[in-house]
Amino acid sequence: MRAVHLRNLTLYACIAFAVLSGAYLGLRGCGSHSWYWDLQGALGVLLSTIWVAFTIHINRGRPKNERGLFITVGWCAGIYLGMHALFMTSMAVTGPFYPALPSSLNDWWQGFLFTWREGVPC
């Protein structure tokens, strides 16, 4: 498999992990899974580092200049921050459904804002 395809698969894995793990925590509960935050952070760093490794491999093992390395590291940080934003948004979208369905759109919106601000759905 070519490195470009592996890099794309790694990016898709980042997105899927962030969305699914956020939805799981949003539907599952009130911060009882404190270990999950550590797991999410560690896997985010791991997947974004793998993405950078494939990017450097595609560039024949070295960036063309210091600017290329800066851009690659910037992409790595951007992927990690994007994963965190997707994780928080996914958790905030599903958080109002725990422990019961919201009674109105306004209740869902208030739950969304609370989950986004506090980091836990309750």
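The values are calculated or read from the model by the stated rules, or taken from the named source; none is laboratory data. None of these values were measured; they are calculated from a predicted model. All Cβ positions, even for glycine, are placed from backbone atoms using ideal geometry, and neighbour counts span all protein chains on display. Calculation scope for accessible area: heavy atoms of the full protein, side chains included, ligands and nucleic acids excluded. Shrake-Rupley method; radii C 1.70, N 1.55, O 1.52, S 1.80 Å.
Per the conditions (1) among the aliphatic types (A, V, I, L, M); (2) at pLDDT 70 or above; (3) in a helix (DSSP H, G or I), the sole criterion not satisfied by ALA100 is (3).
Taken over the stretch 100-122, the criterion of being open to solvent by 50 Å² or more (accessible area, probe 1.4 Å), closer than 15 Å to GLY29 by Cα and without any contact (Cβ under 8 Å) to a residue 24 or more places away in the chain is satisfied by ALA100, LEU101, PHE114, GLU118.
Condition check ((1) modelled with pLDDT under 70; (2) of a type in the set (A, V, I, L, M, F, W, C); (3) under 17 Å from MET88 (Cα atoms); (4) not in a helix (DSSP H, G or I)) across all residues:
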position	(1), (2), (3), (4)
LEU11	no, yes, no, no
CYS14	no, yes, yes, no
LEU25	no, yes, yes, no
ASP38	no, no, yes, no
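Being part of a helix (DSSP H, G or I), closer than 20 Å to CYS122 by Cβ and at pLDDT below 75 is a property that does not hold for TRP51.
Does PHE87 satisfy being open to solvent by 70 Å² or more (accessible area, probe 1.4 Å) and closer than 29 Å to ILE50 by Cα? It is false that PHE87 is open to solvent by 70 Å² or more (accessible area, probe 1.4 Å) and closer than 29 Å to ILE50 by Cα.
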